[in-house]
Amino acid sequence: MKQIISSKGNNNRITHDFCYKLFRIAELKLYSHKFSKKKFSQFQHLFLLVYKQFRKFTYEELLTDLAGNTDLRVYLGLNKLPHYTTLIKFAERLPCKLLDKLVLAFKHILPKPKKVAIDATGISLDNASLHYCKRIGKSFKKRPFMKTTFIVDIENYCILLVKTRKNHRHDTIDAKPLIKKLAKHYQPEIFYGDRGYDSNELFALCFEELNAYPLILQKRLDVPKHRRKGRYRKETIDVFDYGEYLQRNKIETTNSMFKKRFESNVKSKMDKLQKVEIITRVIAYNIDRILRIQDNIILIFIRIMRISY
């Protein structure tokens with residue numbers, strides 16, 4: 001498998017052939033329209049957006065790095081460099097359905113998940129420091145953020161589905177469409193969730209559509225069974241395995257890994273660009289996880305060979 005090694009070493013590598021396979025699975029067209037100028041393909045633009053997240057660049061920094069990376073330009077077939085506004089305009093007109101297809105394309109590459117968990121985290125939309133906000137009298141306790149809900153394979157720490165929302169809403173509102181989409185593309189055995197997802201509708205979706213057992217922590221555990229509401233909530237309260245439920249904490253680990261690797265804030269100011277940045281960051285995170293999983297498999301194989309001989 002061919003790889004492109006960035007100037008900062010192996011930690012920032014991207015597999016070009018892997019990205020091509022991912023875009024091909026998502027049925028990405030070479031050009032957005034038959035009457036386009038065809039100077040740059042959609043594959044080249046999307047690859048640069050994902051590469052931008054790997055290197056934590058701004059658009060200007062991305063083009064500066066690309067100007068000095070001859071191997072990457074040759075491998076991508078870039079006869080000339082695009083202007084950074086070209087990438088911004090491409091991100092603005094990029095359909096969100098296409099980005100969802102790219103995230104779903106990982107189902108053909110990742111191992112089939114057996115244990116999945118759902119949780120929401122906030123991606124900050126403000127890069128200002130707390131000290132700066134205090135000095136100018138700006139609110140620093142309640143910062144603007146993009147609420148991002150993940151469904152994660154907690155065994156491989158890979159993100160399966162993502163949904164973003166800028167307004168404050170209850171967790172169950174975003175969970176319902178995600179569980180329905182999860183049921184169409186995956187077949188997990190256990191579905192984990194915290195108290196924020198304690199809803200009989202979510203329990204019913206897990207049993208009836210997802211065919212998975214919901215390990216969702218219910219509120220008010222001191223309330224007896226006969227006083228609880230909801231058929232599925234009553235059925236699962238007596239057999240709730242709290243020890244197994246603690247596996248849900250792995251999704252908190254995934255959130256931490258995601259933010260530490262790709263930062264906890266976005267640089268874009270427009271709503272559409274913020275969503276594109278978050279979803280391309282999810283794609284970059286999953287590619288990074290797959291590369292790390294492959295490296296671990298290689299290391300384990302080497303250790304086994306050493307022990308055998």
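Pairs under 7 Å by beta carbon, first residue touching a residue at least 40 places away in the same chain (Cβ under 8 Å) and more than 22 Å from Pro111 (Cβ to Cβ) in region 260-287, partner crowded, with 21+ Cβ neighbours inside 10 Å and of a type in the set (Lys, Arg), six or more apart or different chains?
What qualifies is Phe262/Arg281.
What are the residues in region 157-180 that are part of a helix (DSSP H, G or I) and touching a helix residue (DSSP H, G or I) at 6+ places or on another chain (Cβ under 8 Å), if any?
Asp171, Thr172, Ala175, Lys176, Ile179, Lys180
Taking the condition surrounded by 15 or more Cβ atoms within 10 Å (Cβ to Cβ) and within 30 Å of Glu189 (Cβ to Cβ), does Phe90 pass? Explain how you work it out, then say what you get.
Details: surrounded by 15 or more Cβ atoms within 10 Å (Cβ to Cβ): yes; within 30 Å of Glu189 (Cβ to Cβ): no.
No.
Which of the following residues is crowded, with 18+ Cβ neighbours inside 10 Å, of a type in the set (A, V, I, L, M, F, W, C), touching a residue at least 40 places away in the same chain (Cβ under 8 Å) and more than 21 Å from Ile190 (Cβ to Cβ): Ile159, Ile123?
On the way: Ile159 fails: more than 21 Å from Ile190 (Cβ to Cβ).
Answer to the check: Ile123.
Residues checked against (1) free of Cβ contacts under 8 Å to residues at least 12 places away in the same chain; (2) assigned to a helix (DSSP H, G or I); (3) touching a Pro at 6+ places or on another chain (Cβ under 9 Å); (4) surrounded by fewer than 17 Cβ atoms within 10 Å (Cβ to Cβ):
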{"site": "Cys206", "(1), (2), (3), (4)": "no, yes, yes, no"}
{"site": "Lys219", "(1), (2), (3), (4)": "no, no, no, yes"}
{"site": "Tyr232", "(1), (2), (3), (4)": "no, yes, yes, no"}
{"site": "Thr236", "(1), (2), (3), (4)": "no, yes, yes, no"}
{"site": "Glu244", "(1), (2), (3), (4)": "no, yes, no, yes"}
{"site": "Ser256", "(1), (2), (3), (4)": "yes, yes, no, yes"}
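For region 52-68, how many residues are touching a residue at least 40 places away in the same chain (Cβ under 8 Å) and either crowded, with 17+ Cβ neighbours inside 10 Å or assigned to a helix (DSSP H, G or I) (or both)?
First, pick out the residues of region 52-68 that are touching a residue at least 40 places away in the same chain (Cβ under 8 Å): 52-56, 58, 65, 68.
Filter once more, keeping what is either crowded, with 17+ Cβ neighbours inside 10 Å or assigned to a helix (DSSP H, G or I) (or both): 52-55, 65, 68.
Residues meeting the conditions: 6.
For region 94-120, which positions are part of a loop (DSSP other than H, G, I, E, B) and loosely packed, with under 15 Cβ neighbours inside 10 Å? Walk me through how you get there before you give the answer.
Our first condition is that a residue be part of a loop (DSSP other than H, G, I, E, B); within region 94-120, this holds for 94-95, 109-114.
Those that are part of a loop (DSSP other than H, G, I, E, B) and loosely packed, with under 15 Cβ neighbours inside 10 Å: Pro95, Ile109, Pro111, Lys112, Lys114.
Select from region 266-291 the residues that are surrounded by fewer than 17 Cβ atoms within 10 Å (Cβ to Cβ) and in a loop (DSSP other than H, G, I, E, B) and list them in ascending order.
Lys267, Lys269, Met270
Pick out the one residue from Thr149, Thr172 that is polar (S, T, N, Q), under 17 Å from Pro214 (Cβ atoms) and at pLDDT 95 or above. Write out each step before concluding.
Working: Thr172 fails: at pLDDT 95 or above.
After applying the criteria, what remains is Thr149.
Hey, does region 123-145 have a residue that's closer than 24 Å to Asp288 by Cβ, assigned to a helix (DSSP H, G or I) and outside the structural domain of Tyr51 (by TED's automatic domain parsing)? Spell out the reasoning first.
Filtering region 123-145 for residues closer than 24 Å to Asp288 by Cβ gives 123-125, 127, 145.
Of the ones still in play, those that are also assigned to a helix (DSSP H, G or I) are none.
Checked region 123-145: no residue is closer than 24 Å to Asp288 by Cβ, assigned to a helix (DSSP H, G or I) and outside the structural domain of Tyr51 (by TED's automatic domain parsing).
How many of the residues in region 146-156 are part of a strand (DSSP E or B) and touching a residue at least 40 places away in the same chain (Cβ under 8 Å)? Please lay out each step first, then the result.
Narrowing region 146-156 to residues part of a strand (DSSP E or B): 146-153.
Filter once more, so that each one left must be touching a residue at least 40 places away in the same chain (Cβ under 8 Å): 146, 148, 150, 152-153.
So the answer is 5.
The values are calculated or read from the model by the stated rules, or taken from the named source; none is laboratory data. Since this is a predicted model, take the numbers as computed values, not measurements. With ideal geometry, Cβ positions are generated from the backbone for all residues, glycine too; neighbour counts draw on all protein chains shown.
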